[in-house]
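One structure is given below, encoded as structure tokens.
The values are calculated or read from the model by the stated rules, or taken from the named source; none is laboratory data. Keep in mind it's a predicted model, so treat the numbers as computed, not measured. Ideal geometry is used to build each Cβ from the backbone, glycine not excepted, and the neighbour counts take in all protein chains shown. For accessibility, only protein heavy atoms count, side chains too; no ligands or nucleic acids. Shrake-Rupley method; radii C 1.70, N 1.55, O 1.52, S 1.80 Å.
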Amino acid sequence: FVLVASFEITPGRMLVEFATMLIGHLPSDEEYEKALAWLDGKLWFYKGPRDPKFHDLLEDMRYSVQRFGVTRVVIDSLFFLVGKENYEGQDSISRTLKLFAEETNCHVALVAHSIVKQKGEYIPGMESVEGSGGLCKPIDNGLTVHRNQAKAAAIEKAEDNGDTSKVAAAQKQHDAILVV
């Protein structure tokens with residue numbers, strides 16, 4: 001069971017994204033309804049203020065684990081909980097989430113964006129996370145995601161030029177790289 005606390009993406013939009021991932025393409029209305037039925041009872045959304053207080057979120061996470069059996073929590077993103085320059089606060093949140101995960105046997109994913117905004121082949125790693133140097137130290141698993149922006153640009157250019165063979169070739173490229 002998953003609790004999603006996103007302060008960037010609305011639950012409605014996120015449901016479309018989840019359904020698209022489950023189906024493998026933008027779902028038809030019928031496929032979307034089937035995906036929603038499959039997600040029913042497995043997925044909860046945190047509905048809090050746009051400027052959440054970390055303590056309040058943590059208490060709601062505890063409640064969700066106890067009441068609904070939540071085993072996974074996704075928080076999107078760190079900088080809605082603490083300022084970008086508040087390094088002590090970032091470290092504290094990271095350590096607190098680590099303790100929460102250990103105490104509740106729950107997996108917590110905290111989204112922290114990359115400080116590197118380069119285009120091209122650069123693939124960000126843990127050293128590229130925007131924030132304090134101690135932010136990534138207490139974590140058990142770190143994942144970085146690199147979107148293949150060159151693919152999207154190639155498809156757009158080929159579509160603009162009406163070159164279906166180049167569109168097809170670009171679509172065969174990877175969408176992203178996930179590094180664990």
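Among residues of region 86-128 being acidic (D, E) and either buried (at least 16 other Cβ atoms within 10 Å of the Cβ) or not in a loop (DSSP other than H, G, I, E, B) (or both), the one that is modelled with the lowest pLDDT is E127. Among residues of region 155-166 that are free of Cβ contacts under 8 Å to residues at least 24 places away in the same chain, those with a Cβ under 7 angstrom from a residue that is open to solvent by 60 Å² or more (accessible area, probe 1.4 Å) and not charged (D, E, K, R), sequence gap 6+ or separate chain, pair up as I155/Q171.
One residue alone among F18, F1 is among the hydrophobic types (A, V, I, L, M, F, W, C) and within 24 Å of F100 (Cα to Cα), and that residue is F1.
The set of residues in region 140-170 that are more than 16 Å from the chain's Cα centre (by Cα), surrounded by 12 or more Cβ atoms within 10 Å (Cβ to Cβ) and under 30 Å from R72 (Cα atoms) comprises N148, Q149.
Under the condition of being more than 25 Å from C106 (Cβ to Cβ) and either of a type in the set (D, E, K, R) or open to solvent by 40 Å² or more (accessible area, probe 1.4 Å) (or both), the residues counted in region 21-36 number 11. For residues that are of a type in the set (S, T, N, Q) and at pLDDT 95 or above, scanning just region 49-81, find the one that is least open to solvent (accessible area, probe 1.4 Å). Checking each candidate, the answer is S64.
Let's see how each residue does on (1) within 22 Å of P52 (Cα to Cα); (2) among the hydroxyl-bearing types (S, T, Y):
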{"residue": "G89", "(1), (2)": "yes, no"}
{"residue": "T96", "(1), (2)": "yes, yes"}
{"residue": "H107", "(1), (2)": "yes, no"}
{"residue": "G142", "(1), (2)": "no, no"}
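Applying a threshold of 8 Å to beta carbon distances and a minimum spacing of six or more residues, or different chains, the list of pairs starting in region 1-26 at a residue that is of a type in the set (S, T, Y) and modelled with pLDDT of 90 or more and ending at one that is in a loop (DSSP other than H, G, I, E, B) and open to solvent by 60 Å² or more (accessible area, probe 1.4 Å) reads T20/L26.
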